[in-house]
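The structure appears below as structure tokens.
The values are calculated or read from the model by the stated rules, or taken from the named source; none is laboratory data. Computed from a predicted structure; not experimentally measured. Here the Cβ is made from the backbone with ideal geometry for all residues, glycine too, and neighbour counts use every protein chain on show. To get the accessible areas, we keep the full protein, side chains included, count just its heavy atoms, and leave off ligands, DNA and RNA. Shrake-Rupley method; radii C 1.70, N 1.55, O 1.52, S 1.80 Å.
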Amino acid sequence: MDAHNEIMKLLNRYCHAIDTGNFDDFVDLFDKASWTTPGAPVFKGREEITKEVVGRIKRYEDGTPKTKHVMTNVELDIDEDAGTANGQRYVTVLQGTDKLPIQPIFSAHYYDAFVREGGKWRFDSTRMDYALVGDMTHHVIMD
């Protein structure tokens, strides 16, 4: 599989892992990577990603957050020789629960970096810049 397709699979796996409630798979994606959101510290590694990212996502009776992550405007710049890549994408999150009609709750501009290790691509970092934020009370555990 070429680098572009392998990285696209990582991006899709990110969305699928959250939407299906497979948070172990999500954490695996960021085992050696960092995660940044506006106004928060940089989270890195399994323990911090588990606690500070997926640990804040509400789960419903079926084990999912009742969301669908829609990814658009994906751009990837890949340097095969260096084994590095950078990308950007938009992510819009739709959610519908028994108490919340299906609606967009969030849209952000993501900036990703990837590295190739042992012949496989992985996330190196993800930075999210919020664009539009709606009713997140059914999705995220607020402090």
- Query: Within the set of pairs 6+ apart or on separate chains, which have a first residue in the stretch 132-143 that is more than 13 Å from K66 (Cα to Cα), a second that is at pLDDT below 90, and C-beta atoms under 9 Å apart?
  - Reply: I141/G55
- Query: Of the residues in the stretch 76-90, how many are open to solvent by less than 20 Å² (accessible area, probe 1.4 Å) and either farther than 24 Å from D28 by Cβ or in a strand (DSSP E or B) (or both)?
  - Reply: 3
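Within the stretch 55-67, track down each residue that is touching a strand residue (DSSP E or B) at 6+ places or on another chain (Cβ under 8 Å) and assigned to a loop (DSSP other than H, G, I, E, B). I'd like the intermediate steps shown before the answer.
We begin by selecting, within the stretch 55-67, every residue touching a strand residue (DSSP E or B) at 6+ places or on another chain (Cβ under 8 Å); these are 56-58, 65-67.
Residues satisfying the conditions are K58, P65, K66.
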- Candidates V27, V70, V93 - the one that is part of a strand (DSSP E or B), among the aliphatic types (A, V, I, L, M) and surrounded by 15 or more Cβ atoms within 10 Å (Cβ to Cβ): V93
- If we keep just the residues of the stretch 115-137 that are of a type in the set (G, A, S) and under 17 Å from K32 (Cα atoms), which is nearest to the chain's Cα centre (by Cα)? S125
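Of these, T50, T126, which one is open to solvent by less than 70 Å² (accessible area, probe 1.4 Å), at pLDDT below 95 and of a type in the set (S, T, N, Q)? Break it down into steps so the answer makes sense when it comes.
Details: T126 fails: at pLDDT below 95.
So the residue among T50, T126 that is open to solvent by less than 70 Å² (accessible area, probe 1.4 Å), at pLDDT below 95 and of a type in the set (S, T, N, Q) is T50.
Give the stretch 96-114 a look and list any residue that's over 21 Å from W35 (Cβ atoms) and open to solvent by 20 Å² or more (accessible area, probe 1.4 Å), or say none.
Answer for the stretch 96-114, where residues must be over 21 Å from W35 (Cβ atoms) and open to solvent by 20 Å² or more (accessible area, probe 1.4 Å): G96, T97, D98, K99, P101, I102, Q103, P104.
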